[in-house]
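See structure below.
The values are calculated or read from the model by the stated rules, or taken from the named source; none is laboratory data. Values in this document were obtained by computation on a predicted structure and should not be read as measured data. All Cβ positions, glycine included, derive from the backbone under ideal geometry; neighbour counts span all protein chains shown. The accessibility values were calculated without ligands, DNA or RNA, using every heavy atom of the protein model including side chains. Shrake-Rupley method; radii C 1.70, N 1.55, O 1.52, S 1.80 Å.
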Amino acid sequence: ILNIRKIIQLYLTRCHSALSHIEADVPPLPSLSPLSHSGLTLQSDKTFESSMAEFNERRRLLHKLVLHEGWEWTDVSPA
C-alpha cells in the first residue's frame, strides 16, 4: 500500500498546477459499514477519521482530478 500511496502522491504533485484553478472540498470518507457487516473487526469511526485526516490534502487533490476529468466524486466512490 505504501508504494501505491507514493505513486499517487507523485502523480498528484505533477498534476497540482493543472488543478490549481479547480475548487474542491475533501470528499467524504468511505463507509466502513460493508466491511463491518462482513464480520471484520474495525477501528472505531473516530479512530478511522483521525487516521485519515493526514490524507485530507491528497484526497482533496484526487477530488480536483476527478472534477477536472468531468466526473463527480459519486462516479468514482459509492455513497
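Taken one residue at a time, the phi angles of the range 27-39 give Karplus couplings (6.51, -1.76, 1.60, θ = phi - 60°) of x, x, 5, x, 6, 8, 4, x, 5, 5, 5, 7, x Hz. Gly and Pro are set to x. At 15 Å minimum axial length over the Cα atoms and a Kyte-Doolittle cut of 1.0, report the qualifying DSSP H helices in the chain, or say none. Span-like helices, by this rule, are absent here.
Calculated accessible area for the chain comes out at 77 Å² per residue, all protein chains present (probe 1.4 Å; ligands, DNA, RNA ignored). Compute the convex hull volume of the Cα atoms of the range 4-79, divide it by the residue count, and report the result per residue in Å³ as a whole number. Taking only Cα atoms, the range 4-79 has a hull volume of 105 Å³ per residue. As a fraction of the 1.4 Å probe accessible area of the range 25-79, surface on carbon and sulfur atoms comes out at 55 percent. Using a simple spin-label model with pseudo-atoms 7 Å out from Cα toward Cβ, Ile4 and Trp73 lie 2.0 nm apart.
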